[in-house]
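One structure is given below, encoded as structure tokens.
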Amino acid sequence: KTIKLLKNPVGNEFWLCFERNYKETGNLNSDRLILELFITGDWDAKVKIEIPGTGFKFDTIVPAQTVVNVKIPAEAQILSSEVIEKLSVHVTSNNPISVYGLNRRFQTTDTYLGLPIEVLGTEYRAMCYSESKGLVSQVAIVATENNTKVSIVPSANTMKHPKNIEFSIIMNRG
């Protein structure tokens, strides 16, 4: 008899980030950036949110079977490419929770479901759009432990690396 373990998006520790949303135009009225987390759980939870690179810290209570919205400072958005930064969002909780991220601007919204560290794997495939009208695809990687070696084989040329040639980077937690 085979037992299959199911992985689900409920946990007590998450490392997340917010990638660039479309492009920066400088028009603060129509391009106001909104970064948010939506947190929910089956039990009352004490939740701590930290962004080490900005000094942001926020504690909140998430009542059982409700959704709590937390605004994240716009400075947490990753604007660079192929640079290691400390703009990760670390979410911890005393009880299991689910975390959803939202990155919104006028006429463009990106969302994601965060995965807790206990369900993370060691091999991933990023599926992206091909380049169109000057827009390029992107992927962000957040390490959950110090001295994490990440090997990447891009299927398209990147700003610094040719396609189909593996390269590696060493990352620290967050």
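Yes/no matrix, rows are residues, columns are (1) modelled with pLDDT of 85 or more; (2) open to solvent by less than 40 Å² (accessible area, probe 1.4 Å); (3) part of a loop (DSSP other than H, G, I, E, B):
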| site | (1), (2), (3) |
| --- | --- |
| LYS4 | no, no, yes |
| THR25 | no, no, yes |
| SER30 | no, no, yes |
| GLU36 | yes, yes, no |
| LYS48 | yes, no, no |
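Among the conditions (1) closer than 29 Å to ILE34 by Cβ; (2) open to solvent by 70 Å² or more (accessible area, probe 1.4 Å), the only one that TYR112 does not satisfy is (2). Within the stretch 50-72, the residues that satisfy the criterion of being open to solvent by less than 50 Å² (accessible area, probe 1.4 Å) and of a type in the set (A, V, I, L, M) are ILE51, VAL62, ALA64, VAL68, VAL70, ILE72. Counting only residues that are within 30 Å of PRO96 (Cβ to Cβ) and open to solvent by 100 Å² or more (accessible area, probe 1.4 Å), which one in the stretch 126-172 is modelled with the lowest pLDDT? If we take residues in the stretch 126-172 being within 30 Å of PRO96 (Cβ to Cβ) and open to solvent by 100 Å² or more (accessible area, probe 1.4 Å), then MET127 is modelled with the lowest pLDDT.
Listed residues GLU123, GLU75, GLU85; which is loosely packed, with under 12 Cβ neighbours inside 10 Å and under 22 Å from TRP15 (Cβ atoms)? Give the derivation first.
Working: GLU75 fails: loosely packed, with under 12 Cβ neighbours inside 10 Å; GLU85 fails: loosely packed, with under 12 Cβ neighbours inside 10 Å.
That would be GLU123, the only listed residue that is loosely packed, with under 12 Cβ neighbours inside 10 Å and under 22 Å from TRP15 (Cβ atoms).
For the stretch 92-118, a residue qualifies if it is modelled with pLDDT under 95 and more than 15 Å from the chain's Cα centre (by Cα), and the qualifying residues are ARG105, PHE106, GLN107, THR108, GLU118.
Scanning the stretch 91-109 for residues that are open to solvent by 60 Å² or more (accessible area, probe 1.4 Å) and within 21 Å of VAL68 (Cβ to Cβ) gives ASN94, TYR100, ARG104, THR109.
The values are calculated or read from the model by the stated rules, or taken from the named source; none is laboratory data. Not measured: the values here are computed from a predicted model. Ideal geometry is used to build each Cβ from the backbone, glycine not excepted, and the neighbour counts take in all protein chains shown. All accessible areas refer to the heavy atoms of the entire protein, side chains included, with ligands and DNA or RNA removed. Shrake-Rupley method; radii C 1.70, N 1.55, O 1.52, S 1.80 Å.
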